[in-house]
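Let me begin by presenting the structure, written as structure tokens, before commenting on it.
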């Protein structure tokens, strides 16, 4: 067990080492993550976690939950594939529980047979193909510790999720279903009773940046699903994270949205510093 003085020394030493060249930085960060050197918060601060996007949404969802007096939340991953994302979520959930005393339940949704056939141009058939990312369900289930794996078409599995699982309030959602049609179906779950959510839910959308092949845009794919959702729902809105865009040091900073539930009974609950003063 590392005490505070030991952690401070470790943190200062690591910060000094991080002044070296980029390639060595990456190697050092991988080592820091693998050996869990320093606290979880420190490793997150220096981008030394395998999936910073997952860590960010889970950690901040748990912080919000704690401020609102929740001791348990849910995190959802849409698009499981080989299951690596769920394993990472299980690991982060354990560390966050130790830090904040907020338990995180994990749910992973997947078709199981890979991507469905793209329905039209909105699903980007020039980039996605039926059967991509197929799953070995038996193997995925065997490697998971406690995450819940939900197999089936999202249009079906989303309909009875809340009645079947009665989940703790959802605080973070990772969207990686790739297609517009699948993402649209997943977003429809946000229209469930607000008791199943924190008033602000941290969301990551994997397929919103891309490169010259994908050419993601506001008229197809995940971005179109987001835009349509916002236009069709008056009291629930997905907004980009302007505080992250102001930093814009990492690609994933551009892939975080916050879902605001304006009619949530805790949306207006005060969570900021109690003694703010203007100097």
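Here, each number is a calculation from the coordinates, and none is a lab measurement. Keep in mind it's a predicted model, so treat the numbers as computed, not measured. Every residue, glycine as well, gets a Cβ built from its backbone with ideal geometry; the counts of neighbours run over all protein chains shown.
Results, tabulated for the structure shown:
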{"quantity": "When segment 51-261 is reduced to its Cα atoms, the Kirkwood hydrodynamic radius in Å", "calculated": "17.3 Å"}
{"quantity": "Residues of segment 229-252 with amide N under 14 Å of a point placed 7 Å along Cα→Cβ from residue 263", "calculated": "232-237"}
{"quantity": "Highest-fluctuation residue, 40, 161, 229 considered, GNM on the chain with Cα pairs under 10 Å", "calculated": "161"}
{"quantity": "Contour minus Cα-Cα distance for residue 90 and residue 25 (0.36 nm per residue)", "calculated": "20.8 nm"}
{"quantity": "Length released on extending from residue 191 to residue 242, taking residue separation times 0.36 nm less the Cα-Cα span", "calculated": "16.0 nm"}
{"quantity": "Angle in degrees between helix 22-35 and the longest Cα principal axis of the chain, rounded to the nearest 10", "calculated": "90 degrees"}
{"quantity": "For the chain, built as a Gaussian network whose Cα springs stay under 10 Å, the top-fluctuating residue of 158, 13, 188", "calculated": "13"}
{"quantity": "Calculated FRET value between residue 143 and residue 277, using beta carbons and R₀ = 51 Å, to 0.05", "calculated": "0.50"}
{"quantity": "Helix axis angle, 221-232 relative to the chain longest principal axis, alpha carbon, degrees", "calculated": "80 degrees"}
{"quantity": "Extension gain from residue 47 to residue 233, taking 0.36 nm per residue of separation minus the Cα-Cα distance", "calculated": "63.5 nm"}
{"quantity": "Along each principal axis, Cα extent of segment 41-101, largest first, Å", "calculated": "34, 26, 16"}
{"quantity": "Highest-first arrangement of 49-61, 25-37, 250-262, where packing means the average Cβ count within 10 Å", "calculated": "49-61, 250-262, 25-37"}
{"quantity": "Of 213, 226, 46, the one that fluctuates the most in a GNM where the chain has Cα springs shorter than 10 Å", "calculated": "213"}
{"quantity": "For the chain: relative contact order, % (alpha-carbon pairs under 8 angstrom, 6 or more apart)", "calculated": "16 percent"}
{"quantity": "In degrees, nearest ten, helix 4-17 long axis to first principal axis of the chain (Cα)", "calculated": "70 degrees"}
